[in-house]
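Enquirer: Mind having a look at this structure? Questions to follow.
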Amino acid sequence: MSPSRRAKRTVELPDSPNSVGWVTPERIRIASPDDPLHLEGGDILTDVHVEFETYGEMSPARDNVILVTHALSGDAHAAGWDNTATRKTVSGRITPTKDGFSPPRGYREKKPGWWDSMIGPGKPIDTTRFFVVCSNVLGSCYGTTGPASVNPATGKPYGLSFPVVTVEDWVRVQALLLDKLGVDRLFAVIGGSLGGQQALEWALAYPDRVEKAIILAASARLSTQGVAFNAVARYTIINDPNFHGGNYYEHDAPTNGLAAARMLAHITYLSEQGMDSKFGRRLQARDGEVTGRGFDEEFEVESYLNYQGKNFVERFDANSYLYIIRAMDHYAAARWGEGDLVEACRRLKSETLVASFSSDWLYTPEGCQELVHSICKTGKPVTYIDVPSQYGHDAFLVETDRVGRILRGALKRRGRISS
């Protein structure tokens, strides 16, 4: 999820020895009419493409692969500089393409990937040691098949006819991608927030394929309060006059509803202490005077949230947002134990690390501790760290030094895959 305030750091330019440099996203087809994708809910997709990026080199034994899983509005561009970022189109309309998917409703910018501080030569996820893969989730608007993609049966974007997808489906698609890349097992799977739930699902769904599962700012399920916030976000999108039942691709997009949903989400990513420290109750100054009455943007925090909402609608699809937050709502790791989390955790064969952040109230330390205690009851190896931070849920992206130390320690030892 997008950070509210990043720690100060030096941006690695493409020619830096610590950068993976210029990268090109790749796409691969993982489902066809002859080999369809069966989804958790019973639906079938007969044409699925996945967009992904890779960094580093795979070892001859193929035992140095790390899968990085992205959060809600993230994408496959986790590190380096996207060399296809040559244009910027704002809320462009979808154009059908021959291979059954269409470009994202948004833009690519020439800037480092969302976790560039963690991935690269000499960085915590060291690409001189590891081959790193990051892909877009199913339902994404960044190249992987989703509601904005062309339905081969109709020649038009799916819209809300796209089937509901789950975290389990995302992990299955990632497994199929790794199969195509010739990767049988992962040295590690690493993710934060909704990416952390994917990392947990990997360790549960494919216990023999995961050596280390590193789960940041995520627990076994989203809290009821989190589900409630997502319900309000859906309401704002669906009730935007431009939503048209999800069939807005030839019309103006529901930008007001999506912007409001994103503004609401950003509040959950911050903490009370962090918001007070960054914004307080300061009023904005206009033309040398401080405003104090009326309904325009007056407080600095209002300006910040409005900026985040307006920026988001230029790069993300409203339907994709609906599908992804619904998958977030439904995920419950305890399903592997028929509702019992301890029984579910008996499936684990990986070394597991869970890191919470003290001021996170979306995936709280208490929720993370519930997962850790459940793993402990099975006798499986688990490490737990609660990181003190004022940055709330966004801390997993903002606390680069602390998160970097956690990752270095977790990835330092080689385990059973390489032994």
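Enquirer: Pairs under 8 Å by beta carbon, first residue free of Cβ contacts under 8 Å to residues at least 12 places away in the same chain and within 19 Å of Asp35 (Cβ to Cβ) in the stretch 158-173, partner among the polar types (S, T, N, Q) and open to solvent by 10 Å² or more (accessible area, probe 1.4 Å), six or more apart or different chains?
Expert: none
Enquirer: From the list Arg405, Arg347, exactly one residue is basic (Lys, Arg), outside any loop (DSSP other than H, G, I, E, B) and open to solvent by 10 Å² or more (accessible area, probe 1.4 Å). Which is it?
Expert: None of the others qualify; the one that does is Arg405.
Enquirer: Still on this structure, I have one more. Return a yes/no flag: does the stretch 77-86 have any residue that is without any contact (Cβ under 8 Å) to a residue 60 or more places away in the chain and exposed (fewer than 14 other Cβ atoms within 10 Å of the Cβ).
Expert: yes
Enquirer: What tally of residues in the stretch 253-286 results from selecting those that are without any contact (Cβ under 8 Å) to a residue 60 or more places away in the chain and either part of a loop (DSSP other than H, G, I, E, B) or touching a strand residue (DSSP E or B) at 6+ places or on another chain (Cβ under 9 Å) (or both)?
Expert: Of the residues in that region, 6 qualify.
Enquirer: Being over 22 Å from the mean Cα position of the chain (by Cα), open to solvent by 40 Å² or more (accessible area, probe 1.4 Å) and of a type outside the set (Gly, Ala, Ser) is the requirement here; does Pro14 meet it? Spell out the reasoning first.
Expert: Working: over 22 Å from the mean Cα position of the chain (by Cα): yes; open to solvent by 40 Å² or more (accessible area, probe 1.4 Å): no; of a type outside the set (Gly, Ala, Ser): yes.
Considered against the rule, which asks whether it is over 22 Å from the mean Cα position of the chain (by Cα), open to solvent by 40 Å² or more (accessible area, probe 1.4 Å) and of a type outside the set (Gly, Ala, Ser), Pro14 comes out as no.
Enquirer: Starting from residues that are charged (D, E, K, R) and part of a loop (DSSP other than H, G, I, E, B), keep the ones in the stretch 148-196 and report whichever is most open to solvent (accessible area, probe 1.4 Å).
Expert: Quick first cut of the stretch 148-196, residues charged (D, E, K, R) only: 156, 168-169, 172, 179-180, 184-185.
Now restrict to residues that are part of a loop (DSSP other than H, G, I, E, B): 184-185.
Values: Asp184: 115, Arg185: 98 Å².
In this case the residue turns out to be Asp184.
Enquirer: Looking only at the stretch 118-147, count every residue that is open to solvent by 10 Å² or more (accessible area, probe 1.4 Å) and in a loop (DSSP other than H, G, I, E, B) and tell me the total.
Expert: 8
Enquirer: Now for a separate question. If Asp252 satisfies all but one of (1) open to solvent by 90 Å² or more (accessible area, probe 1.4 Å); (2) in contact with a helix residue (DSSP H, G or I) (Cβ under 9 Å, 6 or more places away or on another chain), what's the number of the condition it fails?
Expert: Failed condition: (2).
Enquirer: Kindly provide the set of residues from the stretch 320-341 that are more than 23 Å from the chain's Cα centre (by Cα) and open to solvent by 30 Å² or more (accessible area, probe 1.4 Å), ordered by number.
Expert: If the condition is that a residue be more than 23 Å from the chain's Cα centre (by Cα) and open to solvent by 30 Å² or more (accessible area, probe 1.4 Å), then Glu338, Gly339, Asp340 are the ones that fit.
Enquirer: Looking at (1) in contact with a helix residue (DSSP H, G or I) (Cβ under 7 Å, 6 or more places away or on another chain); (2) farther than 19 Å from Asn136 by Cα, can you tell me which one Ile30 breaks?
Expert: (2)
Enquirer: For the subset of the stretch 356-394 comprising residues that are touching a residue at least 60 places away in the same chain (Cβ under 8 Å), under 17 Å from Ala199 (Cβ atoms) and assigned to a helix (DSSP H, G or I), which member is most open to solvent (accessible area, probe 1.4 Å)?
Expert: Among those residues, the one meeting the criterion is Glu370.
The values are calculated or read from the model by the stated rules, or taken from the named source; none is laboratory data. Since we're looking at a predicted model, the values are computed, not measured. We place every Cβ from the backbone using ideal geometry, glycine too, and count neighbours over all the protein chains shown. Just the protein is used for accessible areas: all its heavy atoms, side chains included, with ligands, DNA and RNA removed. Shrake-Rupley method; radii C 1.70, N 1.55, O 1.52, S 1.80 Å.
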